[in-house]
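The values are calculated or read from the model by the stated rules, or taken from the named source; none is laboratory data. These figures come from a predicted structure and were not determined experimentally. Cβ atoms come from the backbone with ideal geometry, glycine included; neighbour counts cover every protein chain shown.
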Amino acid sequence: MTRYRFHTATSLDGFLADEHDSLDWLLSQPTDDEESIQPVHALMAEVGAIVTGRTTFDWVREHDDPAEASWLFTPRTFLFTHREVDPSTGVTSVSGAPADHRTAIEEAAGGEDVWIVGGGDLAAEFARAGMLDEVFVSIAPVTLGAGRPLMGGRLDLELLEHGTNGALLEARYAVVGERR
């Protein structure tokens, strides 16, 4: 059965990026060579498809070496956007509600998991559609005061495990459901 997983990082006050969409606050944090409870390479071994929003997609393409970013955005990537996408990116551009694309996403995943890379608004849309099973978050010891929120909306989560990675607190949660 396909699981939908949101694997991300946040500031202590709940922002994925600052008001300029910068991740400098995260990239400057000391970390260990391997995350304690869910290494990215282990996550990727279980992922058959990726879902991302336009801001995250553009940030990765602008800031990562194209050869290094190729691990992330493959033909099994669904980019939720309302703007044109260069066909040479190889991603599938979609718009609308996550549920409208569930069949295509799960077929692309081939029975494996779906990684919701970003952002928080997109992850919240998936949660409201009943398409978010797990949230993994690395919490950095920094406050930003403003920026892109971790997630919009109200959810009940169940803590499954926690640990540390250098300066980061890591927590993995099951999504129980929408809080009314």
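Some notes on this structure:
- Residues (among the hydrophobic types (A, V, I, L, M, F, W, C) and crowded, with 17+ Cβ neighbours inside 10 Å) located in the stretch 39-56: V47, A49, I50, V51
- Filtered residues of the stretch 89-116 (kept if at pLDDT below 90 and under 18 Å from V47 (Cβ atoms)): G90, V91
- Pick from the stretch 27-57, criterion modelled with pLDDT under 90 and of a type in the set (A, V, I, L, M), ranking: nearest to T77 (Cα to Cα): M44
- The stretch 1-17 - residue that is within 16 Å of the chain's Cα centre (by Cα) and among the charged types (D, E, K, R) and, of those, surrounded by the fewest Cβ atoms within 10 Å (Cβ to Cβ): R3
- The set of residues from the stretch 58-88 being outside any loop (DSSP other than H, G, I, E, B), among the hydroxyl-bearing types (S, T, Y) and modelled with pLDDT under 90 comprises just one member, S88.
- Residues that are farther than 23 Å from V60 by Cα, touching a helix residue (DSSP H, G or I) at 6+ places or on another chain (Cβ under 7 Å) and at pLDDT below 95 occur in the stretch 149-169; there is at least one.
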